[in-house]
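First up is the structure itself, then whatever we jot down about it.
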Amino acid sequence: MERCGAVVSCVFAVILVLQLGLTPIMAQQEQQIGIAGKEVILSCKAINNQKDGTCTWKYKYKEVSSTIISFSKAQVFKGKAPMTHRSELNSNSKKLKVSDLSLDDAGIYTCACYSPVVSISLHVFKLTISSNGHFLTNEDLELTLMQNSSHSQPHLSIKLFNINNNIVTTEILQEEAPQKYILKLKQLKAIDSGTWMCHVYSNSPSINQNISFDVKVLGFEEERLEIVYTTVGNTAILSWHLNFRKIKWKEGFTGKLNWEPQGNTAIHELLNFSVTTHQELHKTKKSNHIWFEISEGKTDGTMDVKIPKVQLNHSGQYKCQLEINGRRTESVRALVVMQVTAIPAGPLSRGGKMTLLCQVSGPLPSNAHLLWERVNGTQMEMKKSKQHEAKVEVNVSAPGLWNCHLVEDNNKKISLNYTVEEAHVWNSYAVIGIIIGASVLVIGLACMCIITGMRWQRRRKRARRMAQAKQYLLEKKTCQCQRLQQYK
């Protein structure tokens, strides 16, 4: 019994010694996160910090171990580990810096500077952004997150934060999880340009890591369809604000401005432009249309088209298109022109009637209509267009001022007035007198022409008779001379 008790005591003693010996080593083990493409600094935390001591960093992955770097008596020895050529050792702190990390750099890193040995488990994440983070508006972003470590990869919880630090809902594909996750975000906008954050979380092992990445979306500051309202004869300016300078876009790209007339499928290229890698904007007018102008002086990336005297046939859609590497995006400005005419034109005669026609180019949406109203008139004198109709008529029998409004969601977008003037009585008499006088003048001229013609005819007949008489006398004289010669 005494011998058995002694054996048990020895076993407990050995276990206790092993625990006491392993405890400091285990206390030095830790986990560290690294991001592919960046650098990581691994701390040795050696107890013995003698400068002349020997320190060795080793790398181990799946039972394969190799030396990274070793420092002894102010001499550095390079090993044959995969990351050796990207590693630097600080001779004072014994810290190891590994640059340009890759997924394959994940594993166990050990630092032996006397005792104890420090063991670090490096967990590496790699974040890949489609199109290298450069997009056009309305394109989709695809984010790929991969991980690698010496242990089994944990399942991750991933959240995406935009430039305003708001969580963005994305589609997450996990077919290859936990090694690979794919996040999809549809239809980026120009306002999405900036620094985003990918948050990675895991309970076991404990991971709480933020990975930042840059997104640049080339496009227009106003992406939605913009409608420009104007009236015939006015000046209209269509503008597009490109954001390539704001987001510091480094690549060159091209673009063009097309015009699609209202009610016509033909497309006219008005101008094209190009932007160099130095963010210089060059414009070239392509169309032979002389009714529009382009501005050259602006340097803020603004594309302006000026139409000095708008006509009804200038209406339609103006599309500014950007193109880079076969990818395209565009922004549309719709020009809506209003015109007012009177049938018949001119002042309103007493007792007469007139029709006022108000029309705009193109059909109206369901939330818009045209409205005729007489200034200081009654409700009965208002006339509203039917749904989707682009014109409205009103019959007028009295002089006054009339206004035509284009109303959209109870907001007056554009107005045009027409003054109906009354023709005065003396004006009517004057017109009648002018007509009678003109008629008399025409008749007089006709009579003079007839009399002149008759006189000319008489003179012509008289001249003809005189010529005949002369001819007769000449013939008679010649005959008498011949007779006298015969008698002789």
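Figures for the structure shown
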{"quantity": "The stretch 381-415: number of residues that are more than 22 Å from Leu335 (Cβ to Cβ), of a type outside the set (Gly, Ala, Ser) and touching a residue at least 40 places away in the same chain (Cβ under 8 Å)", "calculated": "4"}
{"quantity": "Single match in Thr235, Thr265 (criterion: more than 19 Å from Ala190 (Cβ to Cβ), touching a residue at least 60 places away in the same chain (Cβ under 8 Å) and open to solvent by 30 Å² or more (accessible area, probe 1.4 Å))", "calculated": "Thr235"}
{"quantity": "Subset of the stretch 135-171 [within 20 Å of the chain's Cα centre (by Cα) and either among the acidic types (Asp, Glu) or open to solvent by 40 Å² or more (accessible area, probe 1.4 Å) (or both)]", "calculated": "Asn138, Glu139, Asp140, Ile163"}
{"quantity": "Of all residues making up the stretch 246-261, the number that are basic (Lys, Arg) and either closer than 26 Å to Gly316 by Cβ or at pLDDT below 90 (or both)", "calculated": "2"}
{"quantity": "Residue ranges of strands (runs of 3 or more DSSP E) in the stretch 104-193 with at least 2 members touching a residue at least 40 places away in the same chain (Cβ under 8 Å) and under 30 Å from Lys60 (Cβ atoms)", "calculated": "107-113, 117-129, 141-148, 157-161"}
{"quantity": "Residue list for the stretch 82-124, restricted to those being surrounded by 15 or more Cβ atoms within 10 Å (Cβ to Cβ), touching a Cys at 6+ places or on another chain (Cβ under 9 Å) and not polar (S, T, N, Q)", "calculated": "Leu89, Lys94, Lys95, Leu96, Cys111, Ala112, Cys113, Val117, Val118, Ile120"}
{"quantity": "Given (1) touching an Asp or Glu at 6+ places or on another chain (Cβ under 7 Å); (2) outside any loop (DSSP other than H, G, I, E, B); (3) among the hydroxyl-bearing types (Ser, Thr, Tyr), number of the condition Ser274 does not satisfy", "calculated": "(1)"}
{"quantity": "Odd one out for Trp196 among (1) outside any strand (DSSP E or B); (2) under 25 Å from the mean Cα position of the chain (by Cα); (3) more than 30 Å from His282 (Cα to Cα)", "calculated": "(1)"}
{"quantity": "All positions within the stretch 268-284 that are surrounded by 14 or more Cβ atoms within 10 Å (Cβ to Cβ) and touching a strand residue (DSSP E or B) at 6+ places or on another chain (Cβ under 9 Å)", "calculated": "His268, Leu270, Leu271, Asn272, Phe273, Ser274, Val275, Leu281, Lys283"}
{"quantity": "Number of positions in the stretch 248-257 that are surrounded by fewer than 19 Cβ atoms within 10 Å (Cβ to Cβ) and touching a Lys or Arg at 6+ places or on another chain (Cβ under 7 Å)", "calculated": "0"}
{"quantity": "Asn243, sole failed condition from (1) farther than 25 Å from Val336 by Cα; (2) free of Cβ contacts under 8 Å to residues at least 12 places away in the same chain", "calculated": "(2)"}
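The values are calculated or read from the model by the stated rules, or taken from the named source; none is laboratory data. Note that this is a predicted model, so its numbers are computed, not measured. Here the Cβ is made from the backbone with ideal geometry for all residues, glycine too, and neighbour counts use every protein chain on show. Side chains are part of the model used for accessible areas, which takes the heavy atoms of the whole protein and leaves out ligands, DNA and RNA. Shrake-Rupley method; radii C 1.70, N 1.55, O 1.52, S 1.80 Å.
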